[in-house]
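Single-structure report; data block below.
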Amino acid sequence: MTTDTEAAPTPLNVAVVTLGCARNEVDSEELAGRLEAGGFVLVDDAEDADTVVVNTCGFVEAAKKDSVDTLLEAADLKVEHGGRAQAVVAVGCLAERYGKDLAESLPEADAVLGFDDYPDIAAKLRAIVGGEVHHPHTPSDRRRLLPISPVDRDASTVSIPGHEVADTSEIGEGAPATGPRAVRRRLDSGPMAPLKLASGCDRRCSFCAIPAFRGSFVSRRPSDVLQEGQWLATQGVKELFLVSENSTSYGKDLGDLRLLETLLPELSGIDGIERVRVSYLQPAETRPGLIEAIADTPGVVPYFDLSFQHASATVLRRMRRFGDPESFLGLLERIRTLAPLAGVRSNVIVGFPGETEEDLQTLCDFLVAARMDVTGVFGYSDEDGTEAAAFDEAVKLDEDEIRSRTEHVTGLVEELNAQRAEERIGEEVVVLVESVDDDLVEGRAAHQGPEVDGTTTLQGAEGARIGDLLTATVTATDGVDLVARVEGVA
C-alpha cells in the first residue's frame, strides 16, 4: 500500500524491440520482466510507447547497421506527428560493445545502457524519461571480470543477461501466482521459446569479437534452467530451443562437462514440453556421449547445429579453430549412424585472410560431401578488436574478391540445400504448427530450427491450431521449405 508521501510512480508504456539472435530474445524477455515488475506497461508498438528500448546486435557490420537504423527510426517517433515516445534507449550487444562511443556518435538515442545496468533497468528508464542524463560506460573486455579457470568463476558478482533467478519482488503479471517462476515476460506467444543454457565464450576465434563483450563462459545452474523450462511450459510453450554461445561447453565451470547429457531428459520430461532442441555446437567439442543424448533421448529432436566455419585445415588454424574435411565428415557419419534423418545446419566464412583458391575448393568439396540441410554463408569482414583485423594487409582479400567467392559458395549451398530437401520427399515428419492463416498452415519439422532452417506447409490440416504437433508425409519442396500432407496428430 502507498501513502500520500509515497505515491506509486506514474505508469509508463514501454516497447522492447529485439534484433539479432535467439540469445538476445531471452535477454529482451528478462528486461521485459524487470520492467513490468518495476511498474512499466509493456506494449507491442513503439508508436504507443513512452520509451522504446532497442536490444541491439553487435555481431557483424550488417547487424550493427540494422541496430543503428532501428534506433534512428525509434527516435523519429519523438518528432513525427502522433509519436509519443519520450525516450529511446539502446541496450544489448552493440550498446555493451561500444558504450560511450555509440552514445557520442548517435545523439538521437537518449541513453546507451550496458549489461551492468540491467538489474536496475526500470529505475534507470524512469529517470531517463524524467530527463536525467545517463552517463554511458567505457567499453572494456568483460572476460577480465571473472577468473581464467572456469571452476573458480563466481557469476553472482557479474551482471549476465538471461541468468537471473526470480524472487517474489521481481515477478510480473506474466508469471503464475505459485509454481515455477522466471525473471522473464514473454514477448512472443508462439509455441517455441529460446531457453538460455549459458552466456559468454572461452574460445579465441581470431575473427570473433563476441567473447570480449559477452564475457567468459558461464553456465546456468541446471535447477535454474529446469525451473525456467517449467515456467515456459505454463506459458503454452511446446518446444524449448536451448541457446548459448557454445552449448558443448555447458557444465565445464560447474565441474561436469557431461551435464548437458543429464539435463536433456529432465527438460524433455517437463509436462507440456513436446520437444527440446539444442543449438550452437562446436564441432571440436562435440563428444560421442552428447551425440548419443541428442540422437536417442525421447523428446529431444535429432538436430545438430554445428559451427564448422570452414573446412580447410590451414584456414581453420588461422581462425584459431580445429578440424579438417576428414574429421568433420567423420562427425557427420557418427551422427547419421545414430539418427539417419537428423537435421544438420552450419555456417561458413568465405574470404578469410589468406584463403587460397585451393582452400576455397576444399570448402566447396566438403559442402558437397556433407549434405547438410542448411548452411549460412558469410563473407569475411574485419571486426574491431579481433586478431584477424590486425592481420597483415598483404594476406587480406579485396572486397570484390570476397564478394565473388561468397556469391559462388552461396549459389552452391542453395543448390545443395535444395537437393537435401528433395531427398526428404516421402519422409514422415512431425511438424509443430506455428501459424494458421485461413487455409494456410505452416510449421517446422524436427530437422528445421527456428527462423533460419525453412518451414513446412501442411496440406489436409483443416482444424489445426497453433501448437499442434501433426504427423505428415513430405510431398514437395521449394528450396529448403517443405510441403507435407497430414496423416494425423503426433
What percent of all Cα-Cα pairs in segment 382-473 falls in each 10 Å bin, counting up from 0?
14, 30, 21, 16, 15, 5, 0
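Dividing the Cα convex hull volume of the chain by residue count, how many Å³ per residue is that?
Per-residue hull volume (Cα only) is 164 Å³.
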For segment 299-452, how big is the tail of P(r) above 29 Å, as a whole percent of Cα pairs?
27
Given the C-alpha centroids of segment 220-240 and segment 411-490, what is the distance between them in whole angstrom?
26
Relative to the compact-globule scaling 2.2 N^0.38 Å, provide the ratio for the alpha-carbon radius of gyration of segment 3-162.
1.06
In vacuo Debye sum over C-alpha of segment 249-289, base-10 log of normalised intensity I(q)/I(0) at q = 0.25, 0.31, 0.34 Å⁻¹, listed in q order, is -0.96, -1.15, -1.20
Hull shadow area, averaged, segment 125-167 [alpha-carbon convex hull, nm²]:
4.9
Once phi is turned into θ = phi - 60°, what whole-Hz ³J(HN,Hα) does the Karplus curve with 6.51, -1.76 and 1.60 give for every residue of segment 295-302, x standing for Gly and Pro?
6, 10, 6, x, x, 9, 6, x
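If you roll a 1.4 Å probe over the chain with all protein chains in place, what percent of the accessible area is carbon or sulfur?
Carbon-and-sulfur percentage of accessible area, whole number: 49.
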Roughly what would the spin-label model give for Thr138 and Asp438, points 7 Å off Cα along C-beta, in nm?
6.0
Once the dipole of the chain is set up with Lys and Arg at +1 and Asp and Glu at -1 on Cβ about the Cα centre, which of Gln419, Leu197, Ala123 lies farthest towards its positive end?
Leu197
Can you tell me which aspartates and glutamates have their Cα less than 15 Å from the Cα of Lys252? Leave out same-chain residues fewer than eight positions away.
Asp152, Asp154, Asp202, Glu261, Glu285
Rounded to the nearest 0.05, FRET efficiency between Glu428 and Glu266 (Cβ-Cβ, R0 22 Å) equals 0.20
For a quick check: with amide H placed at 1.01 Å from N, whose amide H comes under 5 Å from Val344's, ignoring anything fewer than 5 positions away on the same chain?
Phe304, Asp373, Val374
Shape call for segment 226-274, from the Cα gyration tensor axes a ≥ b ≥ c (a/c under 1.5 means rounded, otherwise prolate when a/b beats b/c, else oblate), comes out prolate
Whole number in Å², please: accessible area per residue of the chain, 1.4 Å probe, ligands, DNA and RNA not counted.
43
Here the FRET efficiency for Glu47 versus Val151, based on Cβ atoms and R0 = 45 Å and rounded to 0.05, is 0.40
Amide H neighbours of Arg185 under 5 Å, counting only residues 5+ apart in sequence or on other chains, H built in-plane at 1.01 Å?
Glu30, Ala32, Gly33
Expected 222 nm ellipticity per residue - DSSP helices of 4 or more, -39500 (n - 2.57), all of the chain, to 500
-9500 deg cm²/dmol
Please state the charge dipole magnitude for the chain, taken about the Cα centre, from unit charges on C-beta atoms (+1 on K and R, -1 on D and E), reported in debye and rounded to the nearest 20.
1560
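The values are calculated or read from the model by the stated rules, or taken from the named source; none is laboratory data. Everything quoted here is computed from the prediction, not taken from an experiment. Note that each Cβ is placed from the backbone with ideal geometry, even for glycine, and that neighbours are counted across all protein chains shown. Quick note on the areas: whole protein, heavy atoms, side chains included, nothing else; ligands and nucleic acids left out. Shrake-Rupley method; radii C 1.70, N 1.55, O 1.52, S 1.80 Å.
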